[in-house]
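Q: Sharing a structure below in structure tokens format, with a few things to ask.
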Amino acid sequence: MKSIFSSILLLTSLSILGQSISGTAIFTTESASIVSFDSTSQISQQEQAAINEQIREAMRKEYRLTFNAAEGLYQQVPKLAAPSAEKEVEVIGGGQGMDGGIYKNTRSGLLVETRDVFGKLFLIRDSLVRPAWTILEEQKVIQGYTCIKAELKTNRGKSTAWFTPEIPVNLGPGDYWGLPGFILQANNGRMKITCTELKISAGTTAVIEPPKKGKEVTLEAYKKIYSKKIEEMNRMYDDEGNR
């Protein structure tokens, strides 16, 4: 009963407060899994830890989610190594990440996403399907906001998310959305995504445009194209290996 009442209260808050709000959130991805070594491995524990840290560093990327009450655009932030320093420099407005991304409009139910398949860019345009989240009782604080844990089970496995009703926007990073509040952290067992920076502007509405580049297809059509390309690549490698 408490969970049902809380959900109704949160949804009411969304409808009242979520009419005029804008913001930008920076998310960092981190590998949630590690490489396990056989007990007979000659690699020391220190070397194993170093290898796993290298993997985590390779998987660590930064994304920007620009949003208003109903729309969100999630884009990778490109990094460019400075020629005279080890520090990475952020490049705004260039590169694949800032040209495309994942656009959601929860009011109209529109999904627009760009995906690259072996150098060919596709523009996926489809309908949003609201995930069947289960809201739990656990809470924790992220970026100064009280967050509630939610769980989603699909045929691909289990995902968890931490959302805050204090930000009346039902968006989140990547494919995550559909909770009565803003998602600040998500984990699917392979990848963990955490908000590391957040700027909110109440009383304003940012203009957000969906991606436009690429061959337009539905999500189902894209999945078929991707599977076909993977099969072609596998056959090519098999043919090379049999020569």
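Q: Too long at a 30 Å Cα-Cα cut-off: which of 104/224; 199/228; 120/153; 140/212?
A: Checking Cα-Cα distances, 199/228; 120/153; 140/212 exceed 30 Å.
Q: How many nm is it between the label spots at residue 208 and residue 121, if each spot is 7 Å from the Cα in line with the beta carbon?
A: Each label point lies 7 Å from its Cα, and together they span 2.0 nm.
Q: Additional query: If you filter the range 152-198 for trypsin sites (Lys or Arg not before Pro), then keep DSSP loop positions with at most 16 other Cβ within 10 Å, what is left?
A: 156, 190
Q: Still on this structure, I have one more. So if we plug the beta-carbon distance of residue 138 and residue 235 into 1/(1 + (r/R0)^6) with R0 = 35 Å, what FRET efficiency do we get, rounded to 0.05?
A: Rounded to the nearest 0.05, the efficiency is 0.15.
Q: For the range 112-221, run through the chymotrypsin sites (Phe, Trp or Tyr not before Pro) and keep only the ones in DSSP coil with at most 15 other Cβ atoms within 10 Å of their Cβ.
A: Passing sites in the range 112-221 are 118.
Q: Return the FRET efficiency for the residue pair residue 153, residue 20: r is the Cβ-Cβ distance, R0 is 35 Å, and the value is rounded to the nearest 0.05.
A: 0.50
Q: I need the calculated FRET efficiency for the pair residue 221 and residue 43, taking r as the beta carbon distance and R₀ as 41 Å, to the nearest 0.05.
A: Efficiency computed from Cβ-Cβ geometry: 0.40.
None of the figures in this text is laboratory data; all of them are computed from the coordinates on show. It should be emphasised that the depicted structure is a prediction, and the values quoted were computed from it without experimental measurement. Heads up, the Cβs are rebuilt from the backbone with ideal geometry, glycines too, and the neighbour counts pull from every protein chain shown.
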